[in-house]
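Here's the structure, in structure tokens; my notes come after.
The values are calculated or read from the model by the stated rules, or taken from the named source; none is laboratory data. As the structure is a computational prediction, the values presented were derived from the model and not from experiment. Backbone-built Cβ (ideal geometry, glycine too); neighbour counts: all protein chains shown.
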Amino acid sequence: MQPRSFCEILLEGLATDGGLAMPDSYPRLTLANLARLRTLNYRDLAFEILSRFIDDIPAVDLKRLIDNTYTAKVFGSDDITPLKTLEPGLHLLRLSNGPTMAFKDVAMQLLGNLFEYVLAASKRELNILGATSGDTGSAAEYAMRGKRGVRVFMLSPHNKMSRFQSAQMYSLTDPNIFNIAITGVFDDCQDIVKAVSNDEAFKTRYHIGTVNSINWARVSAQIVYYFKGYFAATKSDTEQVSFAVPSGNFGNILAGHVARMMGLPIKHLILATNENNVLDEFFRSGRYRPRGSAEVQQTSSPSMDISKASNFERFIFDLVGRDAAKLRELWRAVDSGGEFTLAGTPLLDKMRTFGFISGTSTHADRVATLRAIHKKYGVMIDTHTADGIKVGLENRECDVPLICLETALPVKFGDVIKQALNVEPDYPESCRGIEQLPQRVDVMAPDVVAVKQYIEARCY
């Protein structure tokens, strides 16, 4: 297919052939580039990184959009993603200071401004269809609420998010926000989004776009904080670091992969799964075996209760040397409910060169980690961050700084925090009583036709 511009990809989400958009190549940064980037604040760093991917928005407009996004008013400080040192060589990258207290805000706040800018310039409207396992939904809705020309239709798994996550989404009353709870698991929601997006006639007629991490713009915005974290944890541009990343849909750690491909000195990307350990199984053995909906476990780190990680396809594209035919061959088995394995092929050895290490964390592990981090450092973390720290510490090297990515504030998972620490997490003033507010949500079966009819009835 023909190359598409960044703004076209921004609005479309999935490519016209149903695949995921990827840049033709990754920009490469020299040591001199890194030395210059090290001195920049978050807004200027974001402009320098993102302008290497966005070439169809005038630089002055892109800079203004970035400057209006990454403010102390929205993120609590001009540092945006501050680094907290737990002890020498062990750090926590704070990514949860945005409006919904989850790392998704860092990219989603920019997407909201990008959408509004591009839609106004083209005099178009957009109906965003998304799927969430917990935090993407609220981050998207808070970023898009009140935006001109945008409606949001967000699918979530019925009764499978935390009470706080559900309340954040379902208590919104903005007329451009629509919540749909699907009686299934996150993978069912994600499959519906893909099915609707792959119906080209419907997608065109109703101007369907996406905000899930299948939207390349989200991945590109997340690349920035890997650079920010690296510069904050090191003194020179030749030092290596490792990042520990809790991973559900593979978008967060994919951004780290891209940063590494751009030349950021990352030794290892340490991927942490919960009990739904499809990705851990792959990186350990080369076997990719997505589970059926009935096999997906409901856990105390619910945003990672995912079997089929959408962005994983993007990494495999790089792994197979950007051979689209080979990627299609592998995914034919996956799309038909099967699996593939790289065992016994040169690709298994090649995979090791990309720096990925993986591990699994269970409920008992995350409770123990919550307690240990709180006792040793006086720091309260959420359950997903605990998964990342647990697997990160298992793979920590004494001479390589370890940066653990925070994914959300503990208040979003208060029941588990109270179980682990016997205290209630602090509620930000803006969220007090949120779980007692009236909620507006429509419960539906996992039915593509029904979701299409729901969208049609609300597009006017």
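Criterion first (among the polar types (S, T, N, Q), touching a Phe, Trp or Tyr at 6+ places or on another chain (Cβ under 7 Å), surrounded by fewer than 24 Cβ atoms within 10 Å (Cβ to Cβ) and at pLDDT 90 or above) does ASN159 satisfy it? The answer is no for ASN159.
In this structure, LYS376 qualifies as at pLDDT 95 or above, more than 21 Å from the chain's Cα centre (by Cα) and farther than 21 Å from ASP280 by Cα.
Screening region 218-250 for residues that are small (Gly, Ala, Ser) and crowded, with 24+ Cβ neighbours inside 10 Å and picking the one that is farthest from GLU48 (Cα to Cα) gives GLY248. Picking from residues in region 261-295 that are touching a Gly at 6+ places or on another chain (Cβ under 9 Å) and assigned to a loop (DSSP other than H, G, I, E, B), the one that is surrounded by the most Cβ atoms within 10 Å (Cβ to Cβ) is ASN274. Here region 101-128 is the region considered, the condition is being aliphatic (A, V, I, L, M) and part of a strand (DSSP E or B), and the residue that is nearest to GLN190 (Cα to Cα) is ILE128. Within region 390-410, the set of residues being among the hydrophobic types (A, V, I, L, M, F, W, C) and in a loop (DSSP other than H, G, I, E, B) comprises CYS398, VAL400, LEU409.
For region 394-416, filtered to residues that are in contact with a helix residue (DSSP H, G or I) (Cβ under 9 Å, 6 or more places away or on another chain), among the β-branched types (Val, Ile, Thr) and surrounded by fewer than 24 Cβ atoms within 10 Å (Cβ to Cβ), the residue that is modelled with the lowest pLDDT is VAL411. If you check VAL391, VAL451, VAL443 for being crowded, with 16+ Cβ neighbours inside 10 Å, closer than 29 Å to ALA195 by Cβ and at pLDDT 95 or above, only one passes: VAL451. Taking the conditions (1) in a helix (DSSP H, G or I); (2) free of Cβ contacts under 8 Å to residues at least 40 places away in the same chain in turn, VAL224 satisfies each one other than (2).
Only residues that are over 23 Å from the mean Cα position of the chain (by Cα) and touching a residue at least 12 places away in the same chain (Cβ under 8 Å) were counted across region 346-364, and they come to 3. Of all residues in region 13-34, one or more are within 23 Å of ASN198 (Cβ to Cβ) and outside any loop (DSSP other than H, G, I, E, B). Figure legend. Inter-residue proximity from region 47-58: first residues within 15 Å of ASP24 (Cα to Cα) and in contact (Cβ under 8 Å) with a residue 12 or more places away in the chain, second residues of a type outside the set (Gly, Ala, Ser) and in a loop (DSSP other than H, G, I, E, B), beta-carbon distance below 6 Å, spacing 6+ or different chains. Indicated pairs: ARG52/PRO27. Contact annotation: residue pairs with Cβ atoms under 7 Å, 6 or more positions apart or on different chains, pairing a residue in region 248-265 that is more than 20 Å from LYS104 (Cα to Cα) with a partner that is of a type in the set (Lys, Arg), are MET262/ARG28; GLY263/ARG28. Only one entry in ILE80, ILE54 is of a type in the set (A, V, I, L, M), surrounded by fewer than 24 Cβ atoms within 10 Å (Cβ to Cβ) and either at pLDDT 90 or above or assigned to a loop (DSSP other than H, G, I, E, B) (or both), namely ILE54. Pull up region 83-100, narrow it to residues that are touching a residue at least 24 places away in the same chain (Cβ under 8 Å) and in a loop (DSSP other than H, G, I, E, B), then point me to the one that is nearest to ALA167 (Cα to Cα). Ranking the qualifying residues of region 83-100, first place goes to THR100.
So that you can scan it fast, the table gives a plain yes or no per residue for (1) modelled with pLDDT of 90 or more; (2) over 28 Å from LEU29 (Cβ atoms); (3) of a type in the set (D, E, K, R):
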| position | (1), (2), (3) |
| --- | --- |
| LYS194 | no, yes, yes |
| SER197 | no, yes, no |
| PHE202 | yes, yes, no |
| LYS228 | yes, no, yes |
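Mind listing whichever residues of region 404-427 are under 23 Å from the mean Cα position of the chain (by Cα) and farther than 14 Å from LEU271 by Cβ? Correct list: GLU406, ALA408, LEU409, PRO410, VAL411, LYS412, PHE413, GLY414, VAL416, ILE417.
To keep it simple, each residue is scored yes or no on (1) of a type outside the set (A, V, I, L, M, F, W, C); (2) over 18 Å from the mean Cα position of the chain (by Cα); (3) surrounded by 15 or more Cβ atoms within 10 Å (Cβ to Cβ).
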{"position": "ILE306", "(1), (2), (3)": "no, no, yes"}
{"position": "ILE316", "(1), (2), (3)": "no, no, yes"}
{"position": "GLU329", "(1), (2), (3)": "yes, yes, no"}
{"position": "VAL334", "(1), (2), (3)": "no, yes, yes"}
{"position": "GLY344", "(1), (2), (3)": "yes, yes, no"}
